[in-house]
């Protein structure tokens, strides 16, 4: 069974540009969440999607957005990139909604974004 | 509010000796607790989780953790370290109704030959 797949793995963007990252969850998983990992702030929750609806959002500016498609694949978008957006963006999937706190969340290998 | 504190940012052990990575948590509700490992340039891999069943939880690769409510701790242990255990370890919690995982700041485990 394939794991969580994220594309692209590495990318470099210029300040002011926008970027779209893609995530394919484990087959059968309907919940997709996104996390940002930086050396300074650690791992921080961005948002969760379930059945194409955003269920929860972390404390990030509106430049960060996402969506989920009917096949559960998800994309996140960051507009007007800033240097501080350089980070590892991790996608995670789970078989059911995040309200069930004991559910296991499986992570992908992440997309490394560098903003120059 | 909920939080996770990993008491050591860096732990160094010799191969074949025991590993102890410490995690304390704060939560108003009964939490589910997780340990993840991250190898360089990789994502997070689940080692084990506690979800209010047995307080001693066994995970992959010989790791285990014990949930101690009175001490609000969930320390990760392994009897004998292997070189391949060198990585960053994250403790995380989630409470009922809260969708996001709250992570600790991580502990980098170094294994000396």
- Task: Enumerate the pairs (first residue in segment A:3-23 and within 15 Å of residue A:79 (Cα to Cα); second residue anywhere and exposed (fewer than 11 other Cβ atoms within 10 Å of the Cβ)) with beta-carbon separation below 9 Å, excluding pairs fewer than 6 apart on the same chain, so at least 6 apart or on different chains.
- Result: A:12/A:116; A:13/A:116; A:14/A:116; A:15/A:83; A:15/A:116
- Task: Taking residue B:93 as the residue in question, decide whether it is closer than 30 Å to residue A:32 by Cβ and at the interface with another protein chain (Cβ under 10 Å from one of its Cβ atoms).
- Result: yes
- Query: Does any residue of segment B:102-112 turn out to be away from every other protein chain (no Cβ under 14 Å), more than 26 Å from residue B:54 (Cα to Cα) and surrounded by 19 or more Cβ atoms within 10 Å (Cβ to Cβ)?
  - Reply: yes
- Mind checking whether some residue in segment A:21-41 is in contact with a strand residue (DSSP E or B) (Cβ under 8 Å, 6 or more places away or on another chain), surrounded by fewer than 16 Cβ atoms within 10 Å (Cβ to Cβ) and over 30 Å from residue B:107 (Cα atoms)? no
- Among the numbered conditions (1) part of a strand (DSSP E or B); (2) modelled with pLDDT under 95; (3) more than 13 Å from every other protein chain (Cβ to nearest Cβ), tell me where residue B:48 comes up short. (3)
- Message: Go through segment B:24-45 and report how many residues are within 14 Å of chain A (Cβ to nearest Cβ) and either at pLDDT 95 or above or touching a strand residue (DSSP E or B) at 6+ places or on another chain (Cβ under 7 Å) (or both).
- Response: 14
- Do you know which residues across segment B:51-90 are within 14 Å of chain A (Cβ to nearest Cβ), free of Cβ contacts under 8 Å to residues at least 24 places away in the same chain and either part of a strand (DSSP E or B) or touching a helix residue (DSSP H, G or I) at 6+ places or on another chain (Cβ under 8 Å) (or both)? B:57
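The values are calculated or read from the model by the stated rules, or taken from the named source; none is laboratory data. Computed from a predicted model, the values in this text were never measured in an experiment. Every residue, glycine as well, gets a Cβ built from its backbone with ideal geometry; the counts of neighbours run over all protein chains shown.
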